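Worksheet: the structure to be examined is printed underneath.
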Amino acid sequence: MPTNARALSIALAAAALIAVVAPRDTAACGNEVDLMLTPTVLVGDAEKLVNEGKLQAAHDRIALLPVPDFRYGIQPFLDRAMVVAARAVIRSDGELAMPRRPDGKREPKREGASGGRTENLTEAVALLKTAAAAHKDDPSAQTDLAEGLARLPDERVAAKSMLALLESKAVMASAWGYASLAQLRGQAGQGQPAWLAASLGAVEQAPRAFDIARCEKMAVRKEICSGQKLEDAMKKVPLSMPAARVVGPPPPGSPARGALGADHFPPSAHPLQHALPTPGIHDPIRLDARLHGV
């Protein structure tokens, strides 16, 4: 087994061991609770949130993964997590940075200056290029990459070509892809003389309307299709109880389940429990809710 893969497996196993052998008494009320999560649930929840446009919340969940390094190609499940993180960075227009954990520590979010945003976008696009090269026949990987390229001024022509090709083949993988193509078509004629800009804009008007309509059919939230900035995009979202087990005394009248305490929500109650069967990704992670404002 490669060194990086072995390190990841050890990290996930250690998280599971800590959760099983080192429980501590806690009161299951208010904020004084422990949350039992698995990497599967964290990534699944992040994927759902990033598709809803709740970008900070999705980013936070990926950053909680107990891995020594965030790099593509170490392990398939981690690759999925990194693609979700890259989507969050792209859709935040670089306000978020790709998560990384040098020397076991998570780097805080970088935000503010346009130079930092460009750096963040470039890093996310580089990862999506790697993913697309590894999955050349996967429309999802190609859509993600084209969406990322559309955020870089020098790559917008290539992005539009890729997105238009995916659209022509009816394999656009996300509403965000259609939204990006609609936005690029809306920019037709920028920097050109007024007479030419008007002509180019008229040519793109009908295709752009089509892209917006297709986006609205696929989107969880239609606001993304018209390029509106989502008010809750950069807000934190508390970990939902169906996505976690509350460890502690059961509520009055409810039976305790499992060695670690009360399982208030059975796994079947949460749709994100069904995920890739990669070893270690179902091992629980013990988090103190007071320490993680996600």
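Could you sort 118-129, 138-149, 214-225 so that the peptide with the highest average Cβ count within 10 Å comes first and the rest follow in order?
Top to bottom by mean Cβ count within 10 Å: 138-149, 118-129, 214-225.
Residues of segment 66-93 with amide nitrogen under 20 Å from the 7 Å Cα-to-Cβ point of Lys235?
Within reach of a label on Lys235: 88-89, 91-93.
State which entries of Lys160/Lys217; Lys160/Lys229; Lys169/Lys236; Lys48/Lys160 exceed 32 angstrom in Cα-Cα distance in the structure shown.
Lys169/Lys236
Once phi is turned into ³J(HN,Hα) by the Karplus curve 6.51 cos²θ - 1.76 cosθ + 1.60 with θ = phi - 60°, what whole-Hz value does each residue of segment 191-206 show in order, with x for glycine and proline?
Once θ is set to phi - 60°, the couplings for segment 191-206 become x, 9, x, 4, 5, 6, 4, 5, 5, 5, x, 5, 4, 8, 4, 5 Hz.
Output wanted: per-residue J couplings in Hz (rounded whole) for segment 117-124, from phi through Karplus 6.51 cos²θ - 1.76 cosθ + 1.60, θ = phi - 60°, x for Gly and Pro.
5, 4, 4, 5, 5, 4, 5, 5
Under the Kirkwood approximation applied to all pairs of distinct alpha-carbon atoms, what is the hydrodynamic radius of segment 172-242 in Å?
After inverting the pairwise mean of 1/r, the radius is 13.7 Å.
With Cβ to Cβ distances under 10 Å as the rule, what net charge do the other residues near Ser174 carry (K, R +1; D, E -1)?
With Lys, Arg at +1 and Asp, Glu at -1, the neighbours total -1.
Length gain on complete extension for the stretch Asp69 to Lys136, per 0.36 nm per residue less the alpha carbon to alpha carbon distance?
Full extension from Asp69 to Lys136 adds 21.6 nm.
Every read-out reported here was derived from the displayed coordinates using simple, explicitly stated rules and does not represent laboratory data. Keep in mind that this is a model prediction, so the values were computed, not measured. A quick note on method: Cβ atoms are made from the backbone with ideal geometry, for glycine too, and the neighbour counts reach across all protein chains shown.
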